[in-house]
Every structure is written in C-alpha cells, then in structure tokens.
Amino acid sequence: MSKFQLLTARARVVLTGFVTWLVVLNVIVVDAARLLGEYAPPGWAGAIQALGSIAAVVGTAIAIIRRVTQVLPEERGLLPIAGDPTPTPDDEFQPDQ
C-alpha cells in the first residue's frame, strides 16, 4: 500500500467519524461556556452557561441532520427551487382590483 493510499484511507476514517467530532466539539463548547460563566459578572454565570449549552446542542443537532440528510444539489439552499408547485400564502392572496 502506497503512502498516498494510506493517507486517503486514514482521511476516510476521520471523515466517516465526522459526527463523533461534532459531539466532541459540543462538549468543548459547553465546557468553554462553563468557564466563561465563572468570569462573568454576578448573576450572569447561569445565563452564559445555559446559552452556551443550548447553542452547542442546537448547533450539533443541525450539523448532524445536515450531514445525514441526502439532498440533490439543485435543491440545496435557503430559498425554494424555481417551479416548486408548493403554494405559499402570497399565492393564495388576490387583492381587489
């Protein structure tokens, strides 16, 4: 096995464990929020810890869902795709003329 093949095999293992790395990052962010809470002004420690924990959990959940959900390249994005037959509230509203 050549060095390049070995390198690509190792990279594949790391990328396959992407979700695991997200969970590790989640733990790091939660711990960082706890540490920041210790240096916060009185009364703010709990809020900073809670917001950091919530942000880490929500961010990790979103990243995992985006990682495992298969979407066609032409359907990716924030806006609906052109020609989407799904009606919107604006389509149903017809002002008086």
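Given labels modelled 7 Å from the Cα in the Cβ direction, how far is it in nm from Arg66 to Ala11?
2.1
Report the full-extension gain for the segment Asp31 to Leu51: residue separation times 0.36 nm, less the Cα-Cα distance, to one decimal in nm.
6.0 nm
Quick one: which of 9-19, 51-61, 31-41 comes out on top by average Cβ neighbours within 10 Å, and what's the full order, highest first?
Going from most to least packed, we get 51-61, 31-41, 9-19.
What's the local net charge at Gln49, with K and R +1, D and E -1, over the other residues with C-beta under 11 Å away?
Local net charge: -1.
Coordinate-derived values only; no laboratory data. Since the model is a prediction, treat every value here as computed from it, not as a measurement. Ideal geometry is used to build each Cβ from the backbone, glycine not excepted, and the neighbour counts take in all protein chains shown.
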